[in-house]
Amino acid sequence: MPKHILITGATSGFGLATARLFASEGWLVSGTGRRADRLEALREELGEAFLPLPLDMRDKDAVMEKLGNLPGERHDVDVLLNNAGAALGLEPAQECSLDDWDTMVDTNIKGLLYATRAVLPGMVKRNCGHIVMLGSIAGNYPYAGGNVYCGSKAFVKQFSLSLRADLLGTKVHVTNIEPGLAESEFSIVRFHGDTERAASVYEGTSPITPEDIAETVFWVTHRPAHININRVEVMPICQCPSGPLVKKGM
Ligand code: NDP
Ligand code: 8X3
């Protein structure tokens, strides 16, 4: 029986690249997204291996109903990739749009919780499975304008580690992947469709590619069963962590 990965946010970026990689390795792939046309195009590209699940991760009832009752041989989920998410805006907190804040909390935190809750009971019952989160370096290092996005990814990191504690004594694996600068539609979404501003983020850099992250997902899910990769922080070589900032002359 082929293995099955369920990917939230399979219409673009990391989720799309991971869908392609796992399908090429013989896995069944199911993928969510709001853009149903892109999911249909992926179905045409990958054939029967791919099941499109058009839905908004913020819709609790739809997520619980659809992801908790996947059909036939997809009923059991071997790997859940909790990937759907977004950063919206880069303004200081006092100027941010409250709607953007709501969307980030509802997608990056609550949507991820719903998907996790939909598949976790089955994994625990079968005593196997792997939940992989797309966290971010933003959950480790704050930056100006990151406010709620950074907070949401810090939540993802701590939730992943706490899940490990809840699951101790089972063989269910949990991993938080924490990428840095990576080129996808991420910045186009962050800047509300301003493609020029988005392109300038990557100008003169060699960012992580979606395929790099797909390979990371593949690697963490193909370790020996007695191993759990808790966290993977990945940056391009042109980026590095840095310490606290100092404002002089105050
Ligand atoms: P993209 O914008 O390219 O892809 C985001 C995916 O999430 C899309 O498939 C989108 O689908 C889906 N998505 C967003 N909101 C919803 C929603 N409400 N319901 C369903 N699906 C949704 O970005 P990336 O691939 O770069 O980002 C993937 C994840 O990785 C995110 O969680 C992001 O925070 C994280 N990340 C990104 C980094 C980067 O620099 N690119 C670095 C570190 C982490 P659709 O629009 O069709 O609904
Ligand atoms: C995306 C990486 O540094 O733009 O999560 O927040 S960053």
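Coordinate-derived values only; no laboratory data. None of the values given here were measured: they were computed from a predicted structure. Note that each Cβ is placed from the backbone with ideal geometry, even for glycine, and that neighbours are counted across all protein chains shown.
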*Once you treat every alpha carbon in region 106-248 as an equal point and sum by Debye, what is log10 I(q)/I(0) at q = 0.10, 0.19 Å⁻¹?*
-0.40, -1.23
*Could you order peptides 37-47, 109-119 by the average number of other Cβ atoms within 10 Å of their residues, highest first?*
109-119, 37-47
*Sorting 75, 4 on the 10 Å Cβ count, fewest up front, what's the list?*
75, 4
*When the scattering of region 1-40 is computed by the Debye formula from its Cα atoms alone, each counted once and equally, what is log10 I(q)/I(0) at q = 0.16, 0.18, 0.19 Å⁻¹?*
-0.34, -0.42, -0.47
*asked:* How tilted is helix 147-166 with respect to the longest principal axis of the chain? Cα atoms for both, answer in degrees (0 to 90, nearest 10).
replied: 40 degrees
*On Cα atoms only, tilt of 13-24 relative to the major axis of the chain in degrees*: 30 degrees
_Helix 36-46 axis, angle to the chain major axis (alpha carbon atoms, nearest 10°)_ = 60 degrees
*Over the chain: Rg over Rh, Cα atoms, Kirkwood Rh*: 0.96
_region 98-182 pair-distance distribution - Cα-Cα, 5 Å bins, rounded %_ = 3, 14, 23, 23, 17, 10, 6, 3, 0
*Binned Cα-Cα distances of region 148-217, short to long, each 5 Å bin given as a whole percent*: 3, 14, 17, 18, 19, 13, 8, 5, 3, 1
*region 1-94: D in µm²/s via Stokes-Einstein (Kirkwood Rh, Cα pairs, 25 °C, 0.890 mPa s)?*
180 µm²/s
